[in-house]
Amino acid sequence: MAGIVVALTLLTTPAHAQEAPGAALKRVEQELQADAQRRKDLDLRSQALQKDLDGLRGQLIGLADQARAQERDLDALEDSLTALEAEERDRSARLDGERQQIASLLGALQRLARVPPEAALARPDNPVDTLRSALLLRDTVPTLRARADALAAALTALSETREKLVAQRAKALAARTALAGKQAEMARLVTRREELSRQTEEERVQVAQRMGSLAGQATDLRQLMDRIEAERRAAAEAAAKREAERREAEKREAERRLAEKREAERKLAAQKETERKEAERKLADLRAAEQKAAALKAAEEQRAKDEAVREAAREAGERALAARRAPAAGPPSSPSGDAPPAIAGMTLPAGGRLTTRYGETDRFGASSRGVTVQTRAGATVVAPQSGSIMFAGPFKGYGLILIVEHGNGYHSLIAGLGRIDTAVGKRVATGEPVAVMPADGSPDLYFELRRNGQPINPQRGFGVPEGKGQG
C-alpha cells in the first residue's frame with residue numbers, strides 16, 4: 001500500500017518534486033517562508049500606497065469644489081453675454097433708424113446747398129415763399145446738428161458695448177478653458193487613483209495563490225511521511241495485537257452504541273419538549289408582533305399624512321411669500337448660477353437647478369421619492385456623504401446609477417450619470433468625485449435618500465429619528 005501511494009505521488013508531481021519527501025518538505029517550507037516575507041513587504045507597500053490614495057482623495061475633493069465654482073462663474077458669464085448681445089442688437093436697431101432719418105435730412109440740405117443765393121433771389125417765387133424757405137432752413141440746421149451729436153454719442157456707446165462684449169466673450173472662453181483643464185486634471189487623478197489601488201493587487205493575488213499551493217504540497221508531504229511511518233510500525237505490531245484489538249474494539253463498540261442509543265432517546269424526548277415550548281412561545285410572540293406592527297403601521301400612515309399636509313402648507317406659504325416679495329426683489333437671477341439647494345448634513349451630488357422636490361409630481365405623473373437637479377453637461381458628481389459603494393452600473397429604467405451605503409441604515413441612490421469613476425466595495429469620502437454627468441444637453445440628476453429601505457425626504461438630511469421625514 002505504501003509503495004502504491006509513493007508511486008502515485010511521484011507520477012502526479014513535477015520533476016523537481018520527485019525527490020526524497022524530507023528534502024522536498026524542507027524546500028517547500030523554505031519557499032513558504034520566502035513568500036511570507038514577500039507578502040509582508042507587499043503589506044508595507046500597500047500601507048504606503050494607501051497614504052498616497054488618501055492624498056489623492058483630498059486633491060480630488062478640492063478639485064471638485066473648484067470645478068463646481070468655475071461652473072457657477074461660467075453660468076454667470078454666459079448670462080452676462082446674453083444680456084450684452086441683446087443690448088448690442090437693440091442699440092444697432094435704434095442707430096439704423098437714426099441713420100435713415102438723418103440721411104433724409106442731409107439729402108434735403110444738400111439739394112438746398114446746390115442753389116446759390118443769387119439764384120434763389122431770381123426764382124419766380126414770391127418773397128413770402130422765399131422767406132418761409134429761409135426760416136425753415138434756419139430751424140432745421142440746429143435740429144440736424146443736435147441729432148448728429150446724439151448719433152455720435154450712440155455710436156460711442158455702441159462701440160463701448162461691443163468692447164464689453166468682446167471682453168466678456170474672452171472671459172467666458174477663458175472660464176471654459178479653465179473648467180476643461182480642471183475636468184481633465186480630475187480625470188487624470190481618478191486614473192492615477194485606480195492605478196495605485198491596482199498596483200499591488202495582482203502581485204498580492206499571485207503570492208496568495210502560490211502560498212496556498214505550497215501549503216497544500218507541504219501538507220501532502222507531511223501526510224505521506226506520517227503514513228509511511230505509521231504503516232511501518234503497524235506492519236511490525238499487527239501480527240501480535242490484531243485479534244485482541246479487534247475483540248476489545250467490538251466490546252467497546254457495543255457498549256458505546258448502547259450508551260449512544262440511550263442518550264439519543266433521552267435527548268430526543270428533551271428536544272421534543274423544548275420544541276413544543278418554543279413553538280408555543282413563538283406563536284405568542286408572533287401574535288404580539290402582529291398586533292404591534294398593525295398599531296405602528298397605522299401610526300406611521302397617520303404621521304406620513306400629517307407630514308405631507310405640513311409640507312404642502314409650508315411650501316404654499318413660501319410660494320405666497322415669494323410672490324408678495326417678487327415686485328421689490330428686482331430681476332431674477334439665473335437658475336443655473338444659484339447656490340445648490342440646502343440639504344442638511346450632506347453635500348448635494350451636483351450643482352444645478354432643483355426641478356423636482358420630494359413628494360412633487362414628476363414627469364411620469366407619479367409622486368417623486370427623491371429630488372431632481374438639472375446640471376451642466378459634463379458636471380462632476382460627488383459623494384453626498386462618506387460611505388461604501390454598494391452598486392455601480394446600469395439599471396433598467398435608470399441608466400447608470402450608484403448606490404452608496406452610509407451607515408445607520410442610510411443609503412443614497414444617484415441616477416442619470418454619464419460615466420462612473422468608482423467601483424463596488426470602494427470607500428468614498430464626503431465630496432469625493434465618483435462620476436460625471438452626460439457630456440451634452442442639460443442632463444437631469446436624480447438623487448434619492450433611503451433609511452432602512454424606505455425613501456425619506458433628502459431635504460431633512462441625515463440624523464432624522466425613526467418615522468420622521470416621511471411623506
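The values are calculated or read from the model by the stated rules, or taken from the named source; none is laboratory data. In this text, all values refer to a predicted model and were calculated from it rather than measured experimentally. Note: ideal-geometry Cβ built from the backbone for every residue, glycine included; neighbour counts use all protein chains shown. For the accessible areas, the whole protein counts, side chains as well, though only heavy atoms, and no ligand, DNA or RNA atoms are used. Shrake-Rupley method; radii C 1.70, N 1.55, O 1.52, S 1.80 Å.
Only sites in a loop by DSSP and with at most 15 other Cβ atoms within 10 Å count here; which GluC sites (Glu not before Pro) in region 19-82 make the cut?
E19
Straight distance only, please: which lysines reach the Cα of K51 with their own Cα at less than 16 Å, same-chain residues fewer than 8 apart left out?
K51 reaches K426.
Once you list every other residue whose beta carbon is under 14 Å from the beta carbon of A264, what net charge do they have if Lys and Arg are +1 and Asp and Glu are -1?
+4
Once R0 is set to 51 Å, what does the formula 1/(1 + (r/R0)^6) return for the Cβ-Cβ distance between K272 and D79, expressed as a FRET efficiency to the nearest 0.05?
The computed FRET efficiency comes out at 0.05.
In whole percent, and with a 1.4 Å probe on the protein chains, what portion of the accessible area of region 344-427 is carbon and sulfur?
51
How long is the gain from S46 to A299 if the chain were fully straight, where each residue apart is worth 0.36 nm and the alpha carbon distance is subtracted?
85.9 nm
If you take the square roots of the eigenvalues of the alpha-carbon gyration tensor of region 183-258 and sort them as a ≥ b ≥ c, do you get rounded (a/c under 1.5), prolate (a/b over b/c) or oblate?
In terms of gyration-tensor shape, oblate.
Going by average Cβ density within 10 Å per residue, which order do the peptides 242-250, 366-374 take, highest to lowest?
366-374, 242-250
Could you please put F391, F364, F447, F462 in sequence from largest to smallest accessible area, using a 1.4 Å probe?
F364, F391, F462, F447
For region 48-106 and region 361-398, what is the separation of their Cα centres, given in Å?
Computed from Cα coordinates, the inter-centre distance equals 27 Å.
Compute the FRET efficiency between Q30 and Q199 as 1/(1 + (r/R0)^6), taking r as their Cβ-Cβ distance and R0 = 30 Å, and round to the nearest 0.05.
Calculated transfer efficiency: 0.60.
Can you list the aspartates and glutamates whose alpha carbon sits under 18 Å from that of K40, skipping same-chain ones fewer than 8 residues off?
Straight-distance partners of K40: E29, E31, E201, E202, E203.
Work out, step by step, the length gained on full extension between N408 and D96: first 0.36 nm times the residue separation, then minus their alpha carbon distance; give nm to one decimal.
Gain in length upon complete extension: 105.5 nm.
Under the 0.36 nm per residue contour assumption, what length would be gained going from the current alpha-carbon distance of E280 and R256 to full extension?
The span from E280 to R256 would gain 5.1 nm if fully extended.
Rolling a 1.4 angstrom probe over the protein chains, ignoring ligands and nucleic acids, what is the accessible area of E194 in square angstrom, nearest 10?
Taking all protein chains as shown, E194 has close to 40 Å².
With a ≥ b ≥ c the root eigenvalues of the C-alpha gyration tensor of region 363-471, is it rounded (a/c under 1.5), prolate (a/b larger than b/c) or oblate?
oblate
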